Amino acid sequence: GTWNTGIQRLTLDPEFGHRFHVPIETGEETVACTVIDNDMRPVIVGYGEVALQALSLAKSLRYDLPLKHNGDDAGFLTLLLEAGDSPGEVHALPPPPLPVKAKAPVRGIRVTVLSAEGLPVMDVGGRCDPYVQLVSGSCARRTTTIPQTLQPTWNETLYLATDPKVPVQLVVWDVDEGDEIELVGLAQVSVQDLGVDSWQVEEHSLQLFNKTEPVGILHIEAEAIPQEQLLPLYGLSVKAVEARGLPPMDYNGLCDPFVQFALGPCLLTTSVKHKTLHPVWNEAMQLAGGAATDLAVSVWDEDSTVNEFVGAAVVDLLGIDLTYGPVERF
């Protein structure tokens, strides 16, 4: 009989996890295993045989089968074997559970500033003109100002880029005449304390302090921002590292290439590397693409009159997991 696994795409370390019941008859105690690359025309990657009579299958057995191709080593195929439920039967065991992937760090939060109560009197008229500012690292956002109240209600939603290692400050300011501001109080919390790593909306009532004195309560809701909303918040940092295998574009058999990145309305270009089919740029740039999620990358050959198109690709940014930090190489 013949049994096939599913296809594992674009990998040199596939994990199959398929279970097969293989009937074994006397004189046929060898199981042949062939790994095939599913190209337009299937190509054998490696071949190996398991001699079952040489193995003890009284209990489950993990077996690393060496693969060969044209006499050369071609890697290993790991099998998990045990005796079947009926005579003359062997089946592969299900693979051990995969390790649980670490929870993605929160790199952006949505905060709805609801209201505040118990604010101190800041003005001569016995009132306050407060607004709230959210700060995390170099990123800051603020609400509108609510005039003449000690119990303001905002119900305003702010988006804030965050770093798991940097605390979030929520600062209440009073606006005086001449647009001068005076500190009312602040609260400082970590992203973990906000509880947004559960990816649920969390409500908080935060005690405000001015130095060591409590000066009121700030009510907010906070939740993590999914990845598709991170790009408008951050923009995209991209680095052109190098190119290989470029075609000759000039009479000298070489090329004068540069890279163009386009994200929404934002268009940026690297420097030109002259007379090479293997340019190395190592140039980083920041693109602000708004709501765009497709990064268009094109390579051009610089000529004295009109630049010539070399090649292009489009990168679906939503198909790349950026929540764990930068992708090292793509």
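Miscellaneous remarks
- Descending semi-axes in Å of segment 108-225, equivalent ellipsoid built from Cα gyration tensor: 25, 13, 13
- Length gained on full extension, Asp303 to Arg19, computed as 0.36 nm times the residue gap minus the Cα-Cα distance: 96.4 nm.
- Each listed q (0.12, 0.19, 0.24 Å⁻¹) maps to a log10 I(q)/I(0) for segment 234-319 from the Debye sum over equal C-alpha point scatterers, namely -0.36, -0.83, -1.16.
- Selection of chymotrypsin sites (Phe, Trp or Tyr not before Pro), segment 144-218, meeting DSSP coil and at most 16 other Cβ within 10 Å: Trp199
- Computed 3J(HN,Hα) for segment 207-224, one whole-Hz value per residue from the Karplus formula 6.51 cos²θ - 1.76 cosθ + 1.60 where θ = phi - 60°, is 6, 8, 10, 10, 6, 10, 8, x, 9, x, 10, 10, 9, 9, 10, 9, 8, 6, glycine and proline marked x.
- Less than 5 angstrom separates the built amide H of Val215 from those of Leu208, Phe209, Asn210, all sequence-distant by 5 or more or on a different chain.
Taken together, the values in this text are just the output of simple stated rules run on the coordinates, not laboratory data. In this text, all values refer to a predicted model and were calculated from it rather than measured experimentally. As a convention, Cβ positions derive from the backbone with ideal geometry for all residues, glycine included, and neighbour counts pool all protein chains shown.
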